[in-house]
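Undergrad: Structure provided below as structure tokens; questions to follow.
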There are 2 protein chains.
Amino acid sequence: MHRYRTDAAWLGTARCRNCAIRDLVLFGDLRDPDFGLIQLPIDELRIEPGAALYHVGEDGGSLYTIRSGLVKLVQFLPDGTQRIVRLLRCGAVAGLEVLVGRPYEHTAVVLQEAEVCQLPRAVVERLSKETPRLHARLMERWYQSLHQADDWLTALSTGSARRRLARLFLKLAADCPGEPVRLSGREDLGAMLGLGMETASRTIAEFKRAGLVRETMPNVFVCDGPALEAVDREG
Amino acid sequence: MHRYRTDAAWLGTARCRNCAIRDLVLFGDLRDPDFGLIQLPIDELRIEPGAALYHVGEDGGSLYTIRSGLVKLVQFLPDGTQRIVRLLRCGAVAGLEVLVGRPYEHTAVVLQEAEVCQLPRAVVERLSKETPRLHARLMERWYQSLHQADDWLTALSTGSARRRLARLFLKLAADCPGEPVRLSGREDLGAMLGLGMETASRTIAEFKRAGLVRETMPNVFVCDGPALEAVDREG
DNA sequence: CGCTCTGTTGAGCGCCTTCAAGCTTAGTGG
DNA sequence: CCACTAAGCTTGAAGGCGCTCAACAGAGCG
């Protein structure tokens with residue numbers, strides 16, 4: 001059973017009123033009086049790749065807003081293998097399940113250095129009771145998670161290795177238009193696509209030979225979008 | 001592209017105050033004054049197997065509470081093949097996405113004769129604004145959907161055909177303890193497990209030969225729970 | 001230099017897919 | 001009542017794809 005480190009650097013107490021990405025985050029619709037209801041400090045943390053926000057099964061004290069970086073949500077199978085069920089980027093929320101009194105459903109592991117806001121459960125619950133403005137945002141977050149989960153199943157767990165990989169590249173490229181796609185190792189790649197890591201490696205090698213992607217640095221890829229879409233459509 | 005019928009029999013206007021499964025449904029926590037806020041009729045429908053509650057991409061006017069029966073949520077791949085992403089039973093809600101202004105994400109098809117309450121979007125939104133009691137229930141429903149989606153991925157889309165099928169039987173058996181498990185054809189079975197229908201058929205045949213399940217009637221199975229759990233654990 | 005960790009590549013095998021034929025059952029019309 | 005049909009299920013055979021085991025290369029680090 002994997003065990004991830006859980007260290008984090010404290011960046012300060014978040015000042016939500018002046019949040020730089022306020023239109024993206026959970027508290028984006030709050031008005032001035034609402035902020036008075038926040039009576040616990042909201043910590044802002046910087047977390048290194050490899051560290052975990054939380055572990056599956058722990059009793060959830062907080063949810064987390066991802067301000068930057070990349071986080072994977074992992075589930076473990078009885079035999080110890082792991083499956084990545086979702087990726088979280090800027091604006092996403094991890095640990096929504098604590099709002100319905102459940103322990104964490106996944107282990108949340110940082111893949112690319114991340115800044116997160118740690119929102120104590122009590123704060124969100126209090127706000128949720130007092131101001132309806134938060135509800136719409138919360139539902140939006142539930143929806144996004146659910147949508148991504150369904151999408152993950154049909155797009156990344158269906159069809160041949162070639163197609164799954166092509167679809168993954170297209171998805172990641174769409175998330176950060178104009179930027180190269182950054183992955184985090186062949187092992188994780190396999191865990192996302194439901195493939196062995198050797199198969200993931202081989203398929204990437206094949207894509208590189210075919211010119212569908214170029215690995216400019218280790219785990220950094222420039223993609224040929226149209227060509228990848230063709231792979232998704234091929235016989 | 002599959003096309004499902006969408007006929008339904010009108011059973012009457014739901015009387016939520018006296019709902020027989022009130023502790024299960026979305027409106028379970030409402031108090032007497034809340035019901036005054038429901039100003040549109042809530043239809044109660046009976047729907048035959050094969051008919052659809054709604055189709056993917058349609059603009060959602062309503063969500064649906066399943067009162068009885070079984071409903072599958074289906075997504076279609078570009079090549080026309082379909083993937084079942086979730087099953088809904090008594091107490092579950094279909095079409096939550098309309099609450100965040102999205103068109104339906106799936107096609108919802110009845111597998112076993114179902115009774116459903118059709119909740120106009122406006123009703124739920126109105127109630128959601130006025131009474132916080134609905135919020136907890138709504139979040140609970142979002143959570144259940146998300147939990148099932150994640151579970152579906154790790155349990156039913158990972159590992160060999162034998163293990164997937166064993167896990168499916170265990171899941172369905174857990175949903176209706178004491179009752180035999182009812183499936184709805186080998187084609188759907190494949191679509192749930194991410195397998196071809198021939199493989200689904202073969203694997204079921206193998207299970208029957210091994211005594212893991214007994215098909216007492218077409219598509220009705222009595223399961224040997226412990227033996228199926230052993231399959232899930234085997235090398 | 002040796003160690004570890006990650007990624008690559010090879011070889012063999014087993015499972016699943018695909019194509020195809022035959023079977024059962026139910027429905028239809030003679 | 002029985003042919004005929006159609007749909008769903010089963011089963012066979014062949015082939016390919018991905019898994020597994022394994023060896024090896026390169027990078028980073030002590």
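Undergrad: Considering only residues that are away from DNA strand D (no atom under 13 Å from the Cβ) and under 24 Å from residue B:150 (Cα atoms), which ones fall in region B:193-225?
TA: B:193, B:225, listed by residue number.
Undergrad: I'm told residue B:186 meets every condition in (1) more than 8 Å from DNA strand D (Cβ to nearest atom); (2) under 22 Å from residue B:85 (Cβ atoms) except one. Can you identify the failing condition by its number?
TA: Only one criterion in (1) more than 8 Å from DNA strand D (Cβ to nearest atom); (2) under 22 Å from residue B:85 (Cβ atoms) is unmet by residue B:186, namely (1).
Undergrad: Identify all residues within region B:148-201 that are in contact with a helix residue (DSSP H, G or I) (Cβ under 6 Å, 6 or more places away or on another chain) and of a type in the set (S, T, N, Q); write none if there are none.
TA: B:199, B:201
Undergrad: So which of A:124, A:110 ends up being within 21 Å of the chain's Cα centre (by Cα) and modelled with pLDDT of 95 or more?
TA: Answer to the check: A:110.
Undergrad: What number of residues within region B:58-80 satisfy the criterion of being within 14 Å of chain A (Cβ to nearest Cβ) and buried (at least 16 other Cβ atoms within 10 Å of the Cβ)?
TA: 7
Undergrad: Only residues that are under 25 Å from residue A:193 (Cβ atoms) and without any contact (Cβ under 8 Å) to a residue 40 or more places away in the chain: list them for region B:166-186, please.
TA: Within region B:166-186, B:168, B:171 meet the criteria.
Undergrad: Residue A:78 versus (1) under 19 Å from residue B:148 (Cα atoms); (2) at pLDDT 90 or above: which is the lone unmet condition?
TA: (2)
Undergrad: Within region B:16-65, take every residue that is in a strand (DSSP E or B) and touching a Cys at 6+ places or on another chain (Cβ under 6 Å) and give me the one that is modelled with the lowest pLDDT.
TA: This residue is B:44.
Undergrad: In region B:180-209, what count of residues is obtained for those that are part of a loop (DSSP other than H, G, I, E, B) and either farther than 13 Å from residue B:225 by Cβ or within 13 Å of DNA strand C (Cβ to nearest atom) (or both)?
TA: 6
Undergrad: While we're on this one: Going by the conditions given, is residue B:111 within 16 Å of DNA strand D (Cβ to nearest atom), free of Cβ contacts under 8 Å to residues at least 40 places away in the same chain, touching a Leu at 6+ places or on another chain (Cβ under 8 Å) and within 30 Å of residue B:98 (Cα to Cα)?
TA: So residue B:111 does not fit the description; no.
Undergrad: Any chance you could count how many residues in region A:81-91 are surrounded by fewer than 22 Cβ atoms within 10 Å (Cβ to Cβ) and more than 10 Å from chain B (Cβ to nearest Cβ)?
TA: 4
Undergrad: Could you list, in sequence order, the residues of region A:117-165 that are among the basic types (Lys, Arg) and in contact (Cβ under 8 Å) with a residue 40 or more places away in the chain?
TA: A:121, A:126, A:133, A:137, A:141, A:162, A:163
Undergrad: Would you mention how many residues in region B:92-101 are touching a His at 6+ places or on another chain (Cβ under 9 Å) and either facing chain A (nearest Cβ under 7 Å) or over 19 Å from residue A:145 (Cβ atoms) (or both)?
TA: Adding up the residues that qualify gives 1.
Undergrad: Continuing with the same structure: Give the number of residues within region A:213-235 that are more than 14 Å from DNA strand C (Cβ to nearest atom), more than 14 Å from every other protein chain (Cβ to nearest Cβ) and either among the basic types (Lys, Arg) or not in a helix (DSSP H, G or I) (or both).
TA: Final tally of qualifying residues: 3.
Undergrad: Residue A:159 - would you say it is on the phi > 0 side of the Ramachandran plot and within 11 Å of another protein chain (Cβ to nearest Cβ)?
TA: So residue A:159 fits the description; yes.
Undergrad: Name the single residue that is nearest to the other protein chains (Cβ to nearest Cβ) among those in region B:119-156 being surrounded by fewer than 21 Cβ atoms within 10 Å (Cβ to Cβ) and outside any helix (DSSP H, G or I).
TA: Only one residue fits best here, namely B:132.
Undergrad: Can you find, within region B:179-199, the residue that is surrounded by the most Cβ atoms within 10 Å (Cβ to Cβ) among those that are among the small types (Gly, Ala, Ser) and over 16 Å from residue A:157 (Cα atoms)?
TA: The extreme case among them is B:184.
The values are calculated or read from the model by the stated rules, or taken from the named source; none is laboratory data. In this text the structure is predicted, and so the values were computed from the model without any measurement. Because the Cβ atoms are built from the backbone with ideal geometry, glycine has one as well, and the counts that use them run over all protein chains shown.
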